[in-house]
Amino acid sequence: MHESHPSRRAVITAAIAAAASAAAPATSAAAGQYLPPGRTLNPWLAGTMGGEGGRAAIPLTAQVFLLALLSEGVRIREHDGWRTHNRNHQGPWGPVDGVMLHHTAGTNSLRVCRTGLPNLHGPLCIGLIAKDGRVHLIGYGRTNHAGSGSAALLDALRRNAPIPVRTGRDTVDGNARFYGFEIENLGDGHDPYPAAQLDAVERVCAAISRAHGWSSGRVVAHKEWTRRKADPSFSMAEMRAQVAARLAGR
């Protein structure tokens, strides 16, 4: 693994170079499923189709995803094979509707997030957000993080409506619909979330939202997706407000 340090100039240069290569057809198999016939896809804007218009989006390519994080100032550690470590062979990845946040309910969770549990194969997320604010990229694509959840919430996201208080029955495959991130925390109400960690959460959510043209309303909690869960153990209203401020401030 190696650590990537964000250089804004380098990231923007890379993004421009990616945009210049947009003559290529759709950049992934997933893109080919959702693009109209004859449509090509700008790699930097991959996934922006739909945005706040209600349609689900094409997942970003791994490279565009990485550029988006770096351009938002996210401190990243890339782990070997993260771009292709996923559960795509078990089901679809995309179209995507938002970013889902979790807490790990443990400590030193990197290995578990990458390899999984005895009854749940890894990866369990795309990235683990550590206490020091570093984001460990361990997978990309479909990951075992969300499980089944609320059709009512998904419908609300697509209508840009408030997240429902009563989510209803778990009938939708969330692993196909959301970018999933684990946040290192016991989730007991006593373990603190350091400022650097919360800042990283905000930046990650803003990076993906910006790349897709989404509002902060597309950032959701596992506890909002299903009544079976209670994570993450911080205020999602406050986090969405922080993400909204960041999106508006650049």
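The values are calculated or read from the model by the stated rules, or taken from the named source; none is laboratory data. Everything quoted here is computed from the prediction, not taken from an experiment. Here Cβ is always computed from backbone atoms with ideal geometry, including for glycine, and neighbour counts include all displayed protein chains.
Quick notes on this one:
- In the stretch 224-243, the qualifying residues are those that are among the aliphatic types (A, V, I, L, M) and part of a helix (DSSP H, G or I), and the one that is surrounded by the most Cβ atoms within 10 Å (Cβ to Cβ) is Val243.
- Positions within the stretch 169-192 being within 29 Å of Trp82 (Cα to Cα), out of contact with any Asp or Glu (no Cβ under 7 Å at 6 or more places or on another chain) and part of a loop (DSSP other than H, G, I, E, B), in sequence order: Glu184, Leu186, Asp191, Pro192
- Candidate set: the stretch 66-81, residues that are in contact with a Lys or Arg (Cβ under 9 Å, 6 or more places away or on another chain) and not in a loop (DSSP other than H, G, I, E, B); chosen: the one surrounded by the fewest Cβ atoms within 10 Å (Cβ to Cβ): Arg77
- Residue within the stretch 92-106 that is in contact with a helix residue (DSSP H, G or I) (Cβ under 7 Å, 6 or more places away or on another chain), of a type in the set (A, V, I, L, M), in a loop (DSSP other than H, G, I, E, B) and buried (at least 24 other Cβ atoms within 10 Å of the Cβ) present: no
- Hits in the stretch 136-151 (condition: assigned to a strand (DSSP E or B) and in contact with a strand residue (DSSP E or B) (Cβ under 6 Å, 6 or more places away or on another chain)): His136, Leu137, Ser148, Gly149
- Ala221 meets all of the listed conditions (1) buried (at least 20 other Cβ atoms within 10 Å of the Cβ); (2) touching a Gly at 6+ places or on another chain (Cβ under 8 Å) but one, namely (2).
- Residue within the stretch 119-137 that is more than 20 Å from Lys223 (Cα to Cα), at pLDDT below 95 and either of a type in the set (S, T, N, Q) or surrounded by fewer than 24 Cβ atoms within 10 Å (Cβ to Cβ) (or both) present: yes
- Filter pass, Gly127 being within 19 Å of Ile76 (Cβ to Cβ) and not acidic (Asp, Glu): yes
- Of all residues in the stretch 152-168 being hydrophobic (A, V, I, L, M, F, W, C) and in a loop (DSSP other than H, G, I, E, B), the one that is modelled with the lowest pLDDT: Val165
- The C-beta contact set for the stretch 157-171 (first residue closer than 18 Å to Met236 by Cβ, second residue part of a loop (DSSP other than H, G, I, E, B) and modelled with pLDDT under 90, distance under 7 angstrom, 6+ apart or interchain) comprises Thr167/Arg227.
- The set of residues in the stretch 113-135 being outside any loop (DSSP other than H, G, I, E, B), in contact with a strand residue (DSSP E or B) (Cβ under 9 Å, 6 or more places away or on another chain) and touching a residue at least 12 places away in the same chain (Cβ under 8 Å) consists of Cys113, Arg114, Gly127, Leu128, Ile129, Val135.
- For the stretch 216-232, the set of residues classified as at pLDDT 95 or above and among the polar types (S, T, N, Q) consists of Ser216 only.
- Residue within the stretch 20-40 that is assigned to a loop (DSSP other than H, G, I, E, B), over 16 Å from Leu137 (Cα atoms) and modelled with pLDDT of 55 or more present: no
- Any hit, the stretch 113-122, residues being of a type in the set (Lys, Arg) and over 18 Å from the mean Cα position of the chain (by Cα): no
- Odd one out for Trp214, checked against (1) outside any loop (DSSP other than H, G, I, E, B); (2) under 25 Å from Thr61 (Cα atoms): (1)
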